[in-house]
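A short worksheet on the structure shown next.
The values are calculated or read from the model by the stated rules, or taken from the named source; none is laboratory data. What you see is a predicted model, and the numbers here were worked out from it, not measured in a lab. Neighbour counts are summed over all protein chains in view; Cβ atoms, including those assigned to glycine, are modelled from backbone coordinates with ideal geometry.
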């Protein structure tokens, strides 16, 4: 039932256009975080069993630093490509304060996305299909990147599997959240 509801959530979310980074954060916070947590509570399931925990936080931090070290050269390369320089950051900032404010909205976007795909969807699928849940959650996650620079679309499928794997192993979305959010800040700075 939760898997079917997650597909409905994705479809409804996609039908609402994004007008700004703050609206995008509000929209994803509602559809990808708030609604799934309500559904879990309605079905008497604990959000901590869906990745919202600091379980294995030391292992999570090790995975995060390993992924960050590997992704740094990729970010440096990508930030020098015109298609990324023209696309990122996803917001306009005229000061350090507005940049930081917008990165807080990006934090909500990343947390909501990681919880929805690698928490809500993957951990529910895990009960039914085991480690195949890593691959299944990657498909809609990667498809939602269509429209971004093509290299990022391909990268999102690889990242979806890697981030799904580390969350699966740690039983937490902490490593994928950190591995998605911190590099996005770095990449935004590199693309300025």
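Figures for the structure shown
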quantity: Residues within the stretch 1-28 that are surrounded by fewer than 17 Cβ atoms within 10 Å (Cβ to Cβ), in contact with a helix residue (DSSP H, G or I) (Cβ under 7 Å, 6 or more places away or on another chain) and more than 21 Å from residue 125 (Cβ to Cβ), tallied; calculated: 3
quantity: Residue within the stretch 146-158 that is touching a helix residue (DSSP H, G or I) at 6+ places or on another chain (Cβ under 8 Å), modelled with pLDDT of 95 or more, crowded, with 21+ Cβ neighbours inside 10 Å and not in a loop (DSSP other than H, G, I, E, B) present; calculated: no
quantity: Test result for residue 97, more than 11 Å from residue 33 (Cα to Cα), in contact (Cβ under 8 Å) with a residue 12 or more places away in the chain, more than 12 Å from the chain's Cα centre (by Cα) and in a helix (DSSP H, G or I); calculated: no
quantity: The stretch 108-138, residues that are part of a helix (DSSP H, G or I) and surrounded by fewer than 17 Cβ atoms within 10 Å (Cβ to Cβ); calculated: 127, 128, 129, 132, 135
quantity: Enumeration of residues in the stretch 71-85 that are touching a helix residue (DSSP H, G or I) at 6+ places or on another chain (Cβ under 9 Å) and loosely packed, with under 12 Cβ neighbours inside 10 Å; calculated: 80
quantity: Every pair of residues 6+ apart whose Cβ atoms lie under 7 Å, when the first sits in the stretch 160-188 and is free of Cβ contacts under 8 Å to residues at least 40 places away in the same chain while the second is part of a helix (DSSP H, G or I); calculated: 161/134; 161/135; 161/138; 165/134
quantity: Which numbered condition residue 73 misses (of (1) under 15 Å from the mean Cα position of the chain (by Cα); (2) assigned to a helix (DSSP H, G or I)); calculated: (1)
quantity: Residue within the stretch 170-177 that is in a helix (DSSP H, G or I) and either out of contact with any helix residue (DSSP H, G or I) (no Cβ under 7 Å at 6 or more places or on another chain) or closer than 27 Å to residue 17 by Cα (or both) present; calculated: yes
quantity: Some residue of the stretch 78-90 being part of a helix (DSSP H, G or I), over 17 Å from the mean Cα position of the chain (by Cα) and closer than 28 Å to residue 168 by Cβ; calculated: yes
